[in-house]
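Student: Pasting a structure here, questions to come.
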Amino acid sequence: MSVHSHNTASENWSPLYFLAALGAGGLSVTFFMYLMFWVPHPGRPVPVFEDMMSFFASAGGLGKATVIIAMIGIAVMTALHLYLMVFNMRQLTAFKKTKAYQMLMGSNAETQLLAAPLAAAMTINAGFIAGLVFVPGLWGIVEYLFPLALIAFVAVEVWSFSLLGGFLVRVFTEGGFNHKANNSFAQILASFTLSMVAVGMAAPAAMSETPWVVAASLSLSSFMMMTTVVVAAVALVLAVWSILEHGVNEEAAPTLMVIVPLLTVVGIALLRIDHGLHTTFDVYGAKGATFLMLTRILAVQILFLMLGVAVLKRINYNAKFLTPTSKRSAGSYALICPGVALSVMLHFWVNKGLVANGVIEKFSTVYWIANIPALAAQLAMIALLLKLHRLHFAKGSHAGATMPAE
């Protein structure tokens, strides 16, 4: 998947192209779910290289194929993610020197810049997963890595707050927020970024055995979680008000489903926080409560997916933005995140909800049937990523290009 100089992404770049890197990174996580829930990892909260090699040596053909597919999927998607991150960082550097950047900084679209730290937070998460899967002996030094990971996420947090704070200070002191142009859920991108930082900060709480690391992880992630909730609530209310008055912005319509990935990362963060409280602070959560939490999150996600799909169908989004002869919109990459997030949440719901509570037996026929929706969503998002890449990154794909709406 090479990136050529004469294509939509290069000639009509916007910060929303960071969502392409985010989608690839998210797909690497969907492949990690195979290893997380199908490969035994006794004594560890996550599987590592040694667990996979031990399982591979004793597994049958299907088990071996699972490990191979997962490792290839993680390697390919992580490599694509890193490639797209380099591409986007270069484009962002050049973009800051243009008049388009100055125009963006004076509009609602200024918050699109938060797509950069959002994708950077995914880089840290994807890098850690790749390390677990491909680096032998990593778990032996993992306690030294957790503080470094927290420092990295704090750096992304500072970056995110500087961008969001700059936008809020401007509109709070100068006004100028365009409510008419706020007729989408695009502003919720900021809270999605904060939630991605929060889930990364919560990882040491779920895996570390060092009390001060767990305490720091719980404190930092809880702060980001509360910030996420406040920012998301305000953005949601303002967006619904504008949409009801002006109708949805067609180009930004995919953002109607941004609640889905936001809730997935919040749900995983809550699971990590719960695990840290259990292992370090002797606070035990009921398995039934976990099932109920995951079910409620999944219910809200399905509602927003139904709404988003209905709206996209009504405005004929596919014909307007997803065909070879249609306009191009970087915002189309926002379609990948909900499907990836749904796949990941379904894996957790099946394993941490149904299996953990004895509703279904692991690896039974019913279990594999229950996993079909997660696998189907994953495959659909892989196909969508490839399709979008051909439309936006293939040579000569610039015909009919359009800049993303506010």
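No value in this document is a laboratory result; all are computed from the given coordinates. Every value quoted in this text rests on a predicted model; they were computed, and no experiment measured them. Methodologically, a virtual Cβ is constructed for each residue, glycine included, from the backbone with ideal geometry; neighbour enumeration extends over all protein chains shown.
Student: Please give the peptides 109-120, 349-360 ranked by average Cβ packing (other Cβ atoms within 10 Å per residue), highest first, as a rough proxy for protection.
Tutor: Descending mean neighbour count gives 109-120, 349-360.
Student: Another question about this same structure. Sequence-distant or interchain residues sharing an amide H contact under 5 Å with Arg328, placed H: which?
Tutor: The list, which skips near neighbours in sequence, is Ala401, Thr402.
Student: Within a 10 angstrom radius of the beta carbon, how do Asp51, Asp282 rank from fewest other beta carbons to most?
Tutor: If I rank by nearby Cβ atoms, fewest first, I get Asp282, Asp51.
Student: Among all the aspartates and glutamates, which ones have a C-alpha under 19 Å from Lys96's C-alpha, if same-chain residues fewer than 8 places away are not counted?
Tutor: Glu11, Glu110, Glu406
Student: Enter the Cα centre distance for the pair the stretch 13-76 and the stretch 218-241, rounded to the nearest angstrom.
Tutor: 30 Å
Student: Where the only charges are on Cβ atoms (+1 Lys, Arg; -1 Asp, Glu), what is the dipole of the stretch 90-185 about its Cα centre, to the nearest 20 debye?
Tutor: Here the size comes out at about 480 debye.
Student: Using the crude model of +1 on Lys and Arg Cβ and -1 on Asp and Glu Cβ, and no other charge, please compute the dipole size for the stretch 8-392 relative to its Cα centre, in debye to 20.
Tutor: Result for the stretch 8-392 is approximately 940 debye, rounded to the nearest 20.
Student: Distance check, please: which entries in Lys327/Lys395; Lys180/Lys320; Lys327/Lys387; Lys287/Lys352; Lys97/Lys327 exceed 19 angstrom between their Cα atoms?
Tutor: Lys180/Lys320; Lys97/Lys327
Student: Let me ask something additional. Starting at the first residue of the stretch 276-293, write each ³J(HN,Hα) from the Karplus equation 6.51 cos²θ - 1.76 cosθ + 1.60 with θ = phi - 60°, in whole Hz, x for Gly and Pro.
Tutor: Working through the residues one at a time gives x, 5, 6, 6, 10, 10, 6, 9, 9, x, 6, 4, x, 5, 5, 4, 5, 4 Hz.
Student: For the chain, what is the mean residue ellipticity at 222 nm derived from helices alone (per DSSP H run of n ≥ 4: -39500 (n - 2.57); sum divided by total residues; nearest 500 deg cm²/dmol)?
Tutor: Taken over the chain, the calculation gives -24000 deg cm²/dmol.
Student: For the stretch 168-277, run through the GluC sites (Glu not before Pro) and keep only the ones in DSSP coil with at most 15 other Cβ atoms within 10 Å of their Cβ.
Tutor: For GluC sites (Glu not before Pro) across the stretch 168-277 that sit outside H, G, I, E and B with at most 15 neighbouring Cβ atoms in 10 Å, the list reads Glu209.
Student: Same structure, new question: Specify the angular offset, from 0 to 90 degrees and rounded to the nearest 10, of the alpha carbon long axis of helix 18-38 from the longest principal axis of the alpha carbons in the chain.
Tutor: It is inclined by approximately 20 degrees.
Student: For Val248, what residues show an amide H to amide H distance below 5 Å, using hydrogens built from the backbone and excluding near sequence neighbours?
Tutor: Those lying under 5 Å, H to H, from Val248: there are none.
Student: Treating the beta-carbon of each Lys and Arg as +1 and of each Asp and Glu as -1, no other charges, what is the dipole magnitude of the stretch 276-345 about its Cα centre, to the nearest 20 debye?
Tutor: 480 debye
Student: Ordered by residue, what ³J(HN,Hα) values in Hz, to whole numbers, does the stretch 50-61 give under the Karplus form 6.51 cos²θ - 1.76 cosθ + 1.60, where θ = phi - 60° and Gly and Pro are x?
Tutor: 5, 4, 5, 5, 5, 5, 4, 5, 10, 7, x, x
Student: Set Lys and Arg Cβ to +1 and Asp and Glu Cβ to -1, take the dipole of the chain about its Cα centre, and tell me which of Ala235, Leu35, Ala205 lies farthest positive.
Tutor: The residue sitting farthest along the positive end of the dipole is Ala235.
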